[in-house]
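Student: Before I ask anything, let me first share the structure, which is written out below as structure tokens.
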Ligand code: CTP
């Protein structure tokens, strides 16, 4: 990812648990994102992982105890608390969460948390039974009420063999979550409507015409707009993605359903971002029973009719939002994208190359942004990073327009 945490001073606390080993990868990811990292291990964490690993990865001395005289002489714990812009505890064990909730200062990490004015984020990891326990949940209510941010946990198979909630989020997800809390609130107070995914155009009860859009770009844009302070509605075609927290999701299947869902909401939106790969055509009629191949040698002809162009219709509304389209092209990307910008009367178009090895069904992407009067290339990056850059761009263009008006 790009330098979403550039210059940020992150104090990483690692508490005891088998997931402590993932803390090592987390240090790398934080540094890749541009952060400076200092690590504190609890004494229990140091049973699972060595301070030396974290020292090598962070490039800084690692602290494990309040009573380390040489460390206190170098950077005392109060200085360390003042140094931090962010405190992140990953993994946060049930025990550590309990001690934080009580405000204990019985060892270095909890003492630092009390002494530090920086925002505190925790990524819990524990057995699913411990996570579900009323004591843990009550402690989390206490911490959340104090403004502590809780990342995860994830659901899945655990080191102990149980399956359930309590897995540490992946290091990349933790970095994304931290970056999200730092995102500039450039869309605060705006309502953003996003479409995502493919549409399925039914042929009969078991068959449909679809496409390879995964919906990931649109979901990333919805999350980035939310992080930028917008109130987000996401109209999603059939995708296999979980809804980002805090976003209103409307599920649809066909282009006509997407059309109805969008048009019912577009006039109330400040920004419309159309990432969906809407099927241009649908069967003229949907067979009520499964089509049979009556004669092996004869072909099958489907009559197709055109679907409404949702994007163009939104752009034609009398009181239209700021309208952003997408163009997925296999060749002549810029020329086709410019033509679409003009033909559909858009405020901005984001074009990308699709085909072998790029575009659909991938985690990263590259985008070319074109608007009346300018262009900018966004180099290959994770879809979330691109989404953040796109959101920043939209905010910038809207602000420039406001200033010109
Ligand atoms: N779009 C839409 N409704 C449609 C078709 C497309 O809202 N019925 C939107 C897409 O979400 C995307 C943009 O329009 O933002 C894509 O433009 P379009 O010209 O439809 O792209 P293609 O279908 O790829 O067109 P072409 O076949 O001309 O390349």
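Student: When you scan the range 302-317, do you find a residue that is at pLDDT below 95 and either surrounded by 12 or more Cβ atoms within 10 Å (Cβ to Cβ) or not assigned by TED's automatic domain parsing to the domain that holds residue 151 (or both), even just one?
Tutor: Among the residues of the range 302-317, at least one is at pLDDT below 95 and either surrounded by 12 or more Cβ atoms within 10 Å (Cβ to Cβ) or not assigned by TED's automatic domain parsing to the domain that holds residue 151 (or both), which makes the answer yes.
Student: Let me ask something else. Hey, among 276, 261, 267, which residue is within 14 Å of the ligand (Cβ to nearest atom), without any contact (Cβ under 8 Å) to a residue 60 or more places away in the chain and either under 30 Å from residue 399 (Cβ atoms) or crowded, with 19+ Cβ neighbours inside 10 Å (or both)?
Tutor: Result: 261 is the single residue among 276, 261, 267 that is within 14 Å of the ligand (Cβ to nearest atom), without any contact (Cβ under 8 Å) to a residue 60 or more places away in the chain and either under 30 Å from residue 399 (Cβ atoms) or crowded, with 19+ Cβ neighbours inside 10 Å (or both).
Student: Here's a follow-up. With the checklist (1) more than 13 Å from the ligand (Cβ to nearest atom); (2) at pLDDT below 95 in hand, flag the one item residue 354 doesn't pass.
Tutor: (1)
Student: Select from the range 282-300 the residues that are more than 30 Å from residue 266 (Cβ to Cβ) and surrounded by 10 or more Cβ atoms within 10 Å (Cβ to Cβ) and write down the one among them that is farthest from the ligand (Cβ to nearest atom).
Tutor: Among residues in the range 282-300 that are more than 30 Å from residue 266 (Cβ to Cβ) and surrounded by 10 or more Cβ atoms within 10 Å (Cβ to Cβ), the one farthest from the ligand (Cβ to nearest atom) is 290.
Student: Condition first: within 16 Å of the ligand (Cβ to nearest atom), in a strand (DSSP E or B), under 20 Å from residue 217 (Cα atoms) and free of Cβ contacts under 8 Å to residues at least 60 places away in the same chain. Can you find one or more residues in the range 301-322 that meet it?
Tutor: The answer is no, given that none of the residues of the range 301-322 is within 16 Å of the ligand (Cβ to nearest atom), in a strand (DSSP E or B), under 20 Å from residue 217 (Cα atoms) and free of Cβ contacts under 8 Å to residues at least 60 places away in the same chain.
Student: Does residue 165 satisfy being in contact (Cβ under 8 Å) with a residue 40 or more places away in the chain and either closer than 30 Å to residue 315 by Cα or part of a strand (DSSP E or B) (or both)?
Tutor: It is false that residue 165 is in contact (Cβ under 8 Å) with a residue 40 or more places away in the chain and either closer than 30 Å to residue 315 by Cα or part of a strand (DSSP E or B) (or both).
Residue-wise test of (1) closer than 20 Å to residue 218 by Cα; (2) touching a residue at least 60 places away in the same chain (Cβ under 8 Å); (3) within 24 Å of the chain's Cα centre (by Cα).
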{"position": "146", "(1), (2), (3)": "no, no, no"}
{"position": "173", "(1), (2), (3)": "yes, no, yes"}
{"position": "180", "(1), (2), (3)": "yes, no, yes"}
{"position": "183", "(1), (2), (3)": "yes, yes, yes"}
{"position": "192", "(1), (2), (3)": "yes, yes, yes"}
{"position": "200", "(1), (2), (3)": "yes, yes, no"}
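Student: Then there's this: Filter the range 232-255 down to the residues that are within 24 Å of residue 206 (Cα to Cα), within 16 Å of the ligand (Cβ to nearest atom) and either at pLDDT below 95 or in contact with a helix residue (DSSP H, G or I) (Cβ under 9 Å, 6 or more places away or on another chain) (or both) and list them by number.
Tutor: Hits for the range 232-255 are 235, 236, 237, 239, 250, 252, 255.
The values are calculated or read from the model by the stated rules, or taken from the named source; none is laboratory data. Quick caveat, the model's predicted, so the values are computed rather than measured. We place every Cβ from the backbone using ideal geometry, glycine too, and count neighbours over all the protein chains shown.
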